[in-house]
Amino acid sequence: MNLSKSKYCMAVQCLKMLWLNENKPEVKKEIDNESVLDNGIEVGIKARELLGEHVNISFNKDLQVMIKETKEYLKKDNIVITEASFGDNNNFCSVDILRKKGDKLEIYEVKSATEINDIYYDDLAYQVMVVSSLGYNVSKALLVYINSKYERKKELELDKLFKVEDVTKKINEKLDEVKNNLEEIKESMKRKNEPSQKIGMHCFTPYECPFFDYCTKSLPENNVFKIRRMPVKKKLELYNKGAISYDELLKEDIDTKFRQQIDFELKALRPDIKRKEIKKFLKQLSYPLYFLDFETFQQAIPKYEGVRPYMQIPFQYSLHYILQEKGEVEHKEFLAEADIDPRRSLAEKLVEDIPLNVTTLAYNMSFEKTVIKNLANLYPDLKEHLMNIHDNIKDLMIPFKERYYYTKDMHGSFSIKYVLPALFPNEESLNYQNLELIHKGGEAMSAYANLGKLRKEEQKKVREALLKYCELDTYAMVKIYQKLKEEVMEVNS
Ligand code: SF4
């Protein structure tokens, strides 16, 4: 096997993970990180400009072609090469940015993160090991990552957007460890039989392991790892002392909210509905009633003035509303054009669509409130109206968060993605899987960010899918609200 940077890091996290990746890829679970990957690629490409003029080694399936091309360029004394590639029979790496000054090489590893994770040192140390074992003189190892505090002005300033940290000393101290790791990886990969490895923190960090379901397949279906909102550390503590099944967990000293999830699922309890509390919650709401949901996206490299890396930029909203008791459910929506700063037009439309002094419901309102507050700070002329909307938002999540309404099918969660199917198990119109193209927030984010790259026809299809997706979010809220009302009506009757 030819080891790469990513495979080396995988093995550092867990040897079994790499073994499974090579020998049983079919049991790997897909991890939803589309927008993270999009940002990573964009950051990598932009960072290439950091050291000025450079040459790039294009990807080739035949790695030898890349290695040969790199060697040619390295005949020059002073040069910057991106994706410079090195390798022997066992190890291969492409260096994000390589600077050659005389006979010295500087290796820059680019990350789209805003802070350093320990695994980045392993990544860089592996590259230094591969490059220096080929006889090159590596004088510096540096990490390049995003400065989250940077706010874009009219022009993008790469030297302010990126933080560059010289970590040569730390990397040099790690080289013996890399050597030992490489030996261990080599031995492990020779094995025909799957290595055994206990479940532990390494299954969750630095990256969520895609083989977790496979490695825990012999555990009872209802096990400690299915308990929502319990910190991983606590789950592992219980797991290590043998409290794994729901029955065993009930004998442990665990928080009431976790006990409730177990009790409900184990005994298939009937829904617990605290009607008095629900009634109290509903009493604070008055018509006209608006149901609001934003979709946002993030840019690792800010494209618009006043934007910071990874700031939530709203590009779309859906708004259902009911003007009076027993009134019709009506709908408005907004979706920005592709490749423009969507914030101003969205803010203008929002103040047009939501009148002053009305109750607006959001599900998990802190998100909607933050988006609105940011818009209010950005546009002083709209501030008063936007803050009026902000101050009148109520959270539809409360009855579920406070467990005024709980069913076993909520599995300990109060997220709308669990609450909705638990309340409406057979309602096809509320099933996100029935939607075309876009079924979850991450897909919406990525779809909008890439909208401008599509041809007109495709753009139209994606825009329709985005509108349908967001509309379902607020339609779901209306249905949840109505369900709560029905429960209260039963109390009155
Ligand atoms: S689930 Fe844990 S033990 Fe299994 S491969 Fe992943 S990291 Fe290793």
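The values are calculated or read from the model by the stated rules, or taken from the named source; none is laboratory data. Values in this document were obtained by computation on a predicted structure and should not be read as measured data. Because the Cβ atoms are built from the backbone with ideal geometry, glycine has one as well, and the counts that use them run over all protein chains shown.
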### Task
Quick one: count up the residues across the stretch 96-119 that are closer than 16 Å to E165 by Cβ, crowded, with 21+ Cβ neighbours inside 10 Å and not hydroxyl-bearing (S, T, Y).
7
### Task
Quick one: which strands (runs of 3 or more DSSP E) lie wholly within the stretch 283-372 and hold at least 3 residues that are of a type in the set (D, E, K, R)?
329-335
### Message
Considering only residues that are in a helix (DSSP H, G or I) and basic (K, R), which ones fall in the stretch 16-68?
### Response
K16, K46, K68
### Query
Filtering the stretch 5-21 down to residues that are within 8 Å of the ligand (Cβ to nearest atom) and closer than 28 Å to A84 by Cβ, which residue is surrounded by the fewest Cβ atoms within 10 Å (Cβ to Cβ)?
Q13
### Summary
Note on the stretch 334-384: residues among the hydroxyl-bearing types (S, T, Y) and in contact (Cβ under 8 Å) with a residue 60 or more places away in the chain are T359, T360, Y363
### Message
K149 - would you say it is at pLDDT 95 or above, charged (D, E, K, R), more than 16 Å from the ligand (Cβ to nearest atom) and surrounded by fewer than 13 Cβ atoms within 10 Å (Cβ to Cβ)?
### Response
yes
### Query
Considering V488, V419, V462, which residue is under 30 Å from N222 (Cα atoms) and in a helix (DSSP H, G or I)?
V419
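Each row is one residue, and each column tells you yes or no for (1) under 22 Å from K5 (Cα atoms); (2) within 16 Å of the ligand (Cβ to nearest atom); (3) touching a Leu at 6+ places or on another chain (Cβ under 9 Å).
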{"site": "K186", "(1), (2), (3)": "yes, no, yes"}
{"site": "N193", "(1), (2), (3)": "no, yes, no"}
{"site": "Y207", "(1), (2), (3)": "yes, yes, no"}
{"site": "V224", "(1), (2), (3)": "no, yes, yes"}
{"site": "K233", "(1), (2), (3)": "no, yes, no"}
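Assess whether L158 counts as being within 30 Å of R308 (Cα to Cα), in contact (Cβ under 8 Å) with a residue 60 or more places away in the chain and touching a Leu at 6+ places or on another chain (Cβ under 7 Å). Break it down into steps so the answer makes sense when it comes.
Numbers: within 30 Å of R308 (Cα to Cα): yes; in contact (Cβ under 8 Å) with a residue 60 or more places away in the chain: yes; touching a Leu at 6+ places or on another chain (Cβ under 7 Å): yes.
It is true that L158 is within 30 Å of R308 (Cα to Cα), in contact (Cβ under 8 Å) with a residue 60 or more places away in the chain and touching a Leu at 6+ places or on another chain (Cβ under 7 Å).
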### Task
Inspect all residues belonging to the stretch 171-180 and state whether any of them is crowded, with 16+ Cβ neighbours inside 10 Å, under 30 Å from A47 (Cα atoms) and within 16 Å of the ligand (Cβ to nearest atom).
no
### Message
Restricting to the stretch 67-81, count the residues that are surrounded by 21 or more Cβ atoms within 10 Å (Cβ to Cβ) and either over 21 Å from S139 (Cβ atoms) or touching an Asp or Glu at 6+ places or on another chain (Cβ under 7 Å) (or both).
### Response
1
